[in-house]
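The values are calculated or read from the model by the stated rules, or taken from the named source; none is laboratory data. Since the structure is predicted, the reported quantities are computational estimates derived from the model, not experimental observations. Methodologically, a virtual Cβ is constructed for each residue, glycine included, from the backbone with ideal geometry; neighbour enumeration extends over all protein chains shown. Protein only, heavy atoms only, side chains kept; ligands, DNA and RNA dropped before computing areas. Shrake-Rupley method; radii C 1.70, N 1.55, O 1.52, S 1.80 Å.
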Amino acid sequence: MSHVADRSSVVIMDTYGPRPRTFVSGDGVRLFDDNGKSYLDCLGGLAVVAVGHANPAVTKAVADQVAVLTHTSNLFHTEPQVELAEKLVALSEMDRVFFANCRATANEAAIKLARRYGQARSGPDRYRIVSLNDSFHGRTLATLAATGQPAKQATFAPLPVGFDQVPGGDIDAMAEAVDESVAAVMLEVIQGEGGVIPWSADYVRDVRSLCDESGTLLIIDDVQAGMGRTGNWFSWQDLNIEPDIASVAKA
Ligand SMILES: Cc1ncc(COP(=O)(O)O)c(C=O)c1O
């Protein structure tokens, strides 16, 4: 075991099992370990490093910005923040942006927004969130409750209430679950972490129609499928539908 791995096993919690390599640098699609061995990076930091390691344009943009203004909190305006929001609004054709600090908190914010909207319009009983079996929406308590994978939820009980899952691709099961207590349906257009399944355009469009008919919001979790990965900027644009809320990250 390398010196770094030894130190790591003392001070970092072992939540992901054995970690077989220690990487020291990267260049584009290549990673280099502490023995100088080169690897083709097919993981991209769990689909985060989409433009490669040590990308010169990203390195320069980050260094230039940090040299001028590092962080001001969300209590103030800054031009780069507005510029990014304008780009996201233009590309997504949605109305406004909320910046979160990670992928799961983007979904957490989507759930809170849906509950707030549902309860403002229909009263305190409209809070339920329906998602799909085998979906993955994150590891915070609420996003874990929305994640349809009981093995990942085990040992963290009790999870927040008001989350139900139905089998993906089954519009009758979805129709049965969506009633006036449901604030939002949450789904990945292409299921990712739970095993890659692209849902059919008909299914996703039928879910959109069900939401429209029942006054339920549609949240699309585009954390893994969005940001250009399907050819369009966002996965729902392949299907010609629009979500009410969408979460994006990993870019
Ligand atoms: C579709 C989807 N949503 C949400 C997340 C949550 O990301 P994290 O647990 O890293 O915050 C992921 C992570 O892989 C994801 O694939």
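Listed values, structure above:
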{"read-out": "Pick from the range 82-132, criterion among the polar types (S, T, N, Q) and closer than 23 Å to residue 232 by Cα, ranking: nearest to the ligand (Cβ to nearest atom)", "value": "107"}
{"read-out": "Lone unmet requirement of (1) touching a Lys or Arg at 6+ places or on another chain (Cβ under 6 Å); (2) under 24 Å from residue 194 (Cα atoms); (3) surrounded by 14 or more Cβ atoms within 10 Å (Cβ to Cβ) for residue 48", "value": "(3)"}
{"read-out": "Of the criteria (1) modelled with pLDDT under 90; (2) among the hydrophobic types (A, V, I, L, M, F, W, C); (3) touching a Leu at 6+ places or on another chain (Cβ under 6 Å), which one residue 23 fails", "value": "(1)"}
{"read-out": "Which numbered condition residue 180 fails, given (1) at positive phi; (2) in contact (Cβ under 8 Å) with a residue 24 or more places away in the chain; (3) of a type outside the set (A, V, I, L, M, F, W, C)", "value": "(1)"}
{"read-out": "Residues (in contact (Cβ under 8 Å) with a residue 60 or more places away in the chain and open to solvent by 100 Å² or more (accessible area, probe 1.4 Å)) located in the range 81-121", "value": "93, 121"}
{"read-out": "Every residue from the range 227-241 that is open to solvent by less than 60 Å² (accessible area, probe 1.4 Å) and touching a helix residue (DSSP H, G or I) at 6+ places or on another chain (Cβ under 6 Å)", "value": "230, 234, 239, 241"}
{"read-out": "Test: residue in the range 59-80 that is surrounded by 11 or more Cβ atoms within 10 Å (Cβ to Cβ), touching a residue at least 40 places away in the same chain (Cβ under 8 Å) and among the hydrophobic types (A, V, I, L, M, F, W, C)", "value": "no"}
{"read-out": "Any hit, the range 163-175, residues being farther than 20 Å from residue 210 by Cα and of a type outside the set (Asp, Glu)", "value": "no"}
{"read-out": "Those strands (runs of 3 or more DSSP E) lying entirely in the range 138-251 with at least 3 residues within 16 Å of the ligand (Cβ to nearest atom)", "value": "182-187, 217-221, 245-247"}
{"read-out": "Selection within the range 222-245 - among the aliphatic types (A, V, I, L, M) and touching a residue at least 40 places away in the same chain (Cβ under 8 Å)", "value": "223, 227, 239, 245"}
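Yes/no per residue for (1) modelled with pLDDT under 95; (2) assigned to a loop (DSSP other than H, G, I, E, B); (3) β-branched (Val, Ile, Thr):
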position	(1), (2), (3)
51	yes, yes, yes
66	no, no, yes
77	no, yes, no
82	no, no, yes
88	no, no, no
113	no, no, no
121	no, no, no
129	no, no, yes
